[in-house]
Amino acid sequence: MSSPELDEASQSVIDFLNANVRKKDENNITNELKKDFLLAKKKSKEKKRKPNKKKSRILGRRERKKLGFYTIQRNTMKYNEMTPLNKVWCEYMSQLLELDQPVPDYNSKNWEQFSQTLHKADFHGSYIQVVRSKCPSYVGKKGICIMDTRNTFKILSSDNILTTIPKKDSIFEFCVNDIKIMILGKHLCMKPADRSAKRIKSYLEPDLP
C-alpha cells in the first residue's frame, strides 16, 4: 500500500494502521485517509484571502470644497423652484417651536427653552430678511436661504439673484407663517450640525450701530 509519492510521516501512519486494524478493514484505510487529505500529493499552502473591507470615511471640509459642495453657480437656481422648500421649512418650524400655542413672553420661564430651540434650528429653506447690519448695502436684502454655512447665509431673492450675507454683523428676521422672529447673526456663527448641540447665550444684547 506504500507509495513513493507519500512523505515519510504519511507512510508511517499508513504502516501503523495496516499493522493494527483488522484484516477486513484494511481496504477501507485508503478511502478514509483520503477524506482527511493524508494521501493527497501536496496540501495547498495558499490560504483563501478574505476580501478587504473598506472602512467608510467621512469627507473632510477641503475634500467637500474640492468636489464643489459649497459652490452654487449664479443663474442656475430659480426662486419659484425654492418656494416649496420654504413651505416645508415653515411646517418644520411650526412643529419645532410649537407655534400652535402662544409664543412665551421674554420674562416667562418657558422663554429660555424656546430661545434655545430656535437657535438650534435648521434654516435651510427659511425666508430671511436683513433688518440691521454694519454693512448698509446688506440692509433690506431678503430671500429664501439655500445654504447655511458657518459664517454666512446664501439667500435667493425673488428676482433670482443669489446673495451671500455674513452672519456676524447682521440681525435677521425670519418669517414663519404670520410670525416674525428676529435673531442676532452672531449667535448662528457655527455649522448647523454644531449649532444643534451648543447652548446659546440668549441674554446677549446686539452691538450693532
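The values are calculated or read from the model by the stated rules, or taken from the named source; none is laboratory data. These numbers come from a predicted model, not from an experiment. Here the Cβ positions follow ideal geometry from the backbone for every residue, glycine too, while neighbour counts run over all protein chains shown. We work out accessible area using only protein heavy atoms, side chains counted, and drop any ligands, DNA or RNA first. Shrake-Rupley method; radii C 1.70, N 1.55, O 1.52, S 1.80 Å.
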**Fill in**
Within region 153-177, of all residues that are among the acidic types (Asp, Glu) and touching a strand residue (DSSP E or B) at 6+ places or on another chain (Cβ under 8 Å), the one farthest from residue 135 (Cα to Cα) is 173
**Request:** Search region 173-196 for residues that are in contact (Cβ under 8 Å) with a residue 12 or more places away in the chain and pair each with any residue that is open to solvent by less than 70 Å² (accessible area, probe 1.4 Å) and basic (Lys, Arg) when their beta-carbon atoms are under 8 Å apart and the residues are at least 6 apart or on different chains.
**Result:** 185/167; 186/167; 188/167; 188/195; 189/167
**First in region 104-132 and open to solvent by 70 Å² or more (accessible area, probe 1.4 Å), second anywhere and among the small types (Gly, Ala, Ser) and assigned to a loop (DSSP other than H, G, I, E, B), Cβ under 6 Å, 6 or more apart** = 120/196
**Fill in**
Within region 145-168, the count of residues that are part of a strand (DSSP E or B), surrounded by 15 or more Cβ atoms within 10 Å (Cβ to Cβ) and of a type in the set (S, T, N, Q) comes to 2
**Complete:** Taking region 107-142 and keeping residues of a type in the set (A, V, I, L, M) and within 18 Å of residue 179 (Cα to Cα) leaves 118, 121, 128, 130, 131
**Message:** I'm trying to understand the selection: among the residues of region 158-172, which are in contact with a Ser or Thr (Cβ under 7 Å, 6 or more places away or on another chain) and touching a residue at least 60 places away in the same chain (Cβ under 8 Å)?
**Reply:** none
**Asked** Right, residue 186: in a strand (DSSP E or B), closer than 24 Å to residue 94 by Cα and open to solvent by 10 Å² or more (accessible area, probe 1.4 Å) or not?
**Response** no
